[in-house]
Number of protein chains: 2
Amino acid sequence: MLEQKGFVNRNKEREELWTADEFTGRLRNVGRSSYHDKHPFHIVMHQGNLSKEQIRGWVANRYYYQKSVPIKDAAILSNLPSREMRREWIGRILDHDGRPGEDGGIEAWLRLGEAVGLSREEVIREEHVVPGVRFAVDAYVNFARTKPWIEAVASSLTELFSPDLISKRIKVFEQLYPWIDRSGLDYFQSRLTQAPSDSDVALRLVLTHCQTPEAQQRAVNALRFKCDVLWAQLDAIEKAYP
Amino acid sequence: MLEQKGFVNRNKEREELWTADEFTGRLRNVGRSSYHDKHPFHIVMHQGNLSKEQIRGWVANRYYYQKSVPIKDAAILSNLPSREMRREWIGRILDHDGRPGEDGGIEAWLRLGEAVGLSREEVIREEHVVPGVRFAVDAYVNFARTKPWIEAVASSLTELFSPDLISKRIKVFEQLYPWIDRSGLDYFQSRLTQAPSDSDVALRLVLTHCQTPEAQQRAVNALRFKCDVLWAQLDAIEKAYP
């Protein structure tokens, strides 16, 4: 009887909306449990124990993610329901692709590649990108193209967690990987200010537009999906560069 | 026999590429035969014989096209194969949606609406938009989302023909429709400089990337399709505002 009651409760549809604080808490919990800072490869990276080969493999593979981010954001842009939202979102694309007189994040990532000893050409040719990384990133782009815009927006909320990780990473690279040219770290420096501003916009959209329990749950699920996308990339990189 | 030979010839696959000049000529021919400046509704507009009701109907319906243009361009942006191309294309979205401190084309169109006696609200609510306009515009957005990027780019080449039409239209509105507040014509003024720069980029992409006879033909077909999209809108507007 008790067990059956428990079973029924666990499966009962939630009838009340989470408050903004509860909802934000659920989203942050996804990061606490599943963000890729907990991945073994990242842990070893931050202990300073990755080889040059492994760092290069990570940078070369992660390029495929970086180059796909503006494609993903243009897909979201095309699905956003208002000009006001597009005006807020389009800066993400300019941040990555660059503006007149400003190179942007993809170029900065290529400079990181050079700083770790990869040629621009081999990075751009994607010759080191392994299938598992490609599949995960393509799944993310496809999610942004085909899912309702609010879920695609919610999936971007890993930016809530990235500033912490990136500020640690800058120190780690400077102190534990002194062979990496510091000029290669511009990408991370830029993200320290871009990510919080981006996640403010996305979080406000998600809190405002998810107005049923189901919509709130779908946003949490979208963020989990995105964490899976990041995690699966590290799985594939770890496997390729043991 | 002769007739059969003719039949065979007409259906023979073209084996040689058009030169850049021939190809450009074919594209311009599409405009000469099918651009909507030849539509009866446009002809009457430029003769100064549309009623206030008809002008208002045109502006209110055409808003649906205007608001869909950046959605279409974001879809193309998401399909473009390089950062360099995206950097050239993204300005179209900013032109329509606006930049910080700059309202953009959709806002300018709303001011045109006010200049012809429509409230912003009734235009934004799309209460005058007729199904035929909606279907044609949605077909254009769908084309941009689902077709190869180069065909979507080719479909934008009606911008080769629009400056001529728009410069005439500014004079027509000023001289033959003096009841329209001149401040409403900013949209057309902006397009006089934006359209040639946009079509330069698009034409260069099409000439460079259509490197088989079939690809060239598909570009011509895409431009014909776009002319149909514009023409069908005027058909529907003409029918709704007799």
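Bear in mind that the values in this text are calculations on the coordinates, not laboratory data. Remember, predicted model here, so these are calculated numbers, not experimental data. Positions of Cβ are backbone-derived with ideal geometry, glycine not excepted, and every protein chain shown enters the neighbour counts.
The GNM of chain A, with springs linking C-alpha atoms under 10 angstrom apart, assigns the highest mean-square fluctuation among A:Ser155, A:Ser82, A:Ser119 to A:Ser82. Of interest is the spacing of the C-alpha centroids, which for the stretch A:203-242 and the stretch B:122-198 amounts to 39 Å. The other copies place their B:Glu84 label points at 4.0 nm from this one, listed shortest first, where each point is 7 Å from Cα along Cα→Cβ. Here chain B is assigned +1 on the Cβ of each Lys and Arg and -1 on the Cβ of each Asp and Glu. Its dipole about the Cα centre then comes out at about 360 debye. Between A:Arg182 and B:Glu53, the FRET efficiency from the beta-carbon distance, with R0 = 51 Å, is close to 0.15. Backbone geometry of the stretch A:141-158 corresponds, through the Karplus equation with coefficients 6.51, -1.76 and 1.60 at θ = phi - 60°, to 3J(HN,Hα) couplings of 4, 5, 4, 5, 6, 10, 8, x, 4, 5, 6, 5, 4, 4, 5, 6, 6, 4 Hz, x marking Gly and Pro. Distance between the pseudo-spin-label points of A:Arg26 and A:Arg120 (7 Å out from Cα toward the beta carbon): 4.7 nm.
Sequentially through the stretch A:228-242, phi angles give Karplus couplings (6.51, -1.76, 1.60; θ = phi - 60°) of 4, 4, 5, 5, 4, 4, 5, 3, 5, 5, 4, 5, 6, 10, x Hz, Gly and Pro residues having no value and appearing as x. Inter-copy label distances at B:Asp200, shortest first and taken from points set 7 Å along Cα to Cβ: 3.7 nm. Which residues' amide hydrogens lie under 5 Å from the amide hydrogen of B:Arg99, considering only partners 5 or more residues apart or on another chain, with H built in the peptide plane? The answer is B:Gly104. For the stretch B:15-27, the Karplus equation 6.51 cos²θ - 1.76 cosθ + 1.60, evaluated at θ = phi - 60°, returns couplings of 9, 9, 5, 5, 5, 4, 5, 4, 4, 4, x, 5, 5 Hz by residue, with Gly and Pro reported as x. Structural descriptor for the stretch B:137-242: relative contact order 45 percent, calculated from alpha carbon pairs under 8 angstrom and at least 6 residues apart. Our summary gives chain B a relative contact order of 33 percent, counting only alpha carbon pairs under 8 angstrom and 6 or more residues apart.
All alpha carbon pair distances within the stretch B:35-240 were sorted into 10 Å bins beginning at 0; the resulting P(r) in whole percents reads 9, 35, 38, 16, 3, 0. Per-residue ellipticity at 222 nm, computed for chain B from helices alone with -39500 (n - 2.57) per DSSP H run of at least four residues, works out to -24500 deg cm²/dmol. Here's the list of aspartates and glutamates a cross-link from B:Lys38 could span, going by alpha-carbon distance under 15 Å and ignoring same-chain residues fewer than 8 apart: B:Asp164, B:Asp228, B:Asp235, B:Glu238. Distances from A:Ala20 to itself in the other copies, using label points 7 Å out along the Cα-Cβ axis, amount to 5.6 nm in increasing order. Of all the options B:His96, B:His42, B:His209, the one that moves most in a Gaussian network model of chain B with Cα springs shorter than 10 angstrom is B:His209. Among the residues of B:87-96, the average count of other protein chain beta-carbon atoms within 10 Å of the residue beta-carbon is 3.
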